[in-house]
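The values are calculated or read from the model by the stated rules, or taken from the named source; none is laboratory data. Since the structure is predicted, the reported quantities are computational estimates derived from the model, not experimental observations. A quick note on method: Cβ atoms are made from the backbone with ideal geometry, for glycine too, and the neighbour counts reach across all protein chains shown. Calculation scope for accessible area: heavy atoms of the full protein, side chains included, ligands and nucleic acids excluded. Shrake-Rupley method; radii C 1.70, N 1.55, O 1.52, S 1.80 Å.
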Amino acid sequence: MPPMRTAAGRNKKPPPEGFEDIEDTLLEFQNKMKDAENASHDGKKKHEMIWPIFQITHQRSKYIYDMYYEKEAISKTLYDWLLKNGYADAMLIAKWKKQGYEKLCCVRCIQTNETNFRSTCICRVPKKTLNESQDIQCVNCGCRGCSSGD
Ligand SMILES: [Zn+2]
Ligand SMILES: [Zn+2]
């Protein structure tokens with residue numbers, strides 16, 4: 001008999017209890033995401049095309065975050081499962097727990113790497129320290145300001 005192999009694709013365990021209650025909302029996010037991905041590229045810059053994707057990812061993560069931490073409407077088991085299955089951005093949520101990052105739009109905006117010379121994105125700067133006429137919109141995700149002080 002050939003040795004049993006545990007194929008990753010065979011993990012067809014049903015989602016934890018409570019999933020049905022949020023399934024519709026998750027489906028809505030999924031549809032929005034599909035629309036964003038299939039949206040026409042006409043007249044848009046390449047980076048503008050990915051903004052909606054980031055924004056929807058953010059909204060979905062926020063929804064799951066609120067359901068667990070704010071409303072306590074889902075179980076830890078379900079919450080962990082959702083994170084593991086990519087329904088929410090675990091890295092982003094980890095940041096929201098830190099003071100000053102409660103409204104962070106996407107992790108790219110605080111990442112320092114070789115391609116990004118500024119350590120912090122314009123959208124992280126509190127509005128009151130900026131010129132009123134200054135138009136804040138970051139190129140990473142199209143965020144118009146996510147400083148906790150706003
Ligand atoms: Zn931002
Ligand atoms: Zn930004």
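Helix 46-65 versus the longest principal axis of the chain: what is the Cα-based angle in degrees, 0 to 90, to the nearest 10?
It is inclined by approximately 60 degrees.
Nearest 20 debye, what's the magnitude of the dipole of the chain about its Cα centre given +1 on Lys and Arg Cβ and -1 on Asp and Glu Cβ?
Values: 24 positive and 20 negative charges, 129 e Å.
In debye, rounded to 20, the chain gives about 620.
Ignoring ligands, DNA and RNA, what percent of the accessible area of the chain is carbon or sulfur (1.4 Å)?
51
With unit charges on the beta carbons (Lys and Arg positive, Asp and Glu negative) and the dipole taken about the Cα centre of region 17-112, which residue among His58, Cys109, Phe29 sits farthest to the positive side?
Cys109
About the Cα centre of region 19-97, how large is the charge dipole given +1 on each Lys and Arg Cβ and -1 on each Asp and Glu Cβ? Please answer in debye to the nearest 20. Write out the running numbers ahead of the final one.
Numbers: 12 positive and 14 negative charges, 99 e Å.
For this selection, approximately 480 debye.
Solvent-accessible area per residue for the chain at a 1.4 Å probe radius, Å²? Display every interim value, and only then the final one.
On the way: 10570 Å² over 150 residues.
Normalised by residue count, the accessible surface of the chain is 70 Å².
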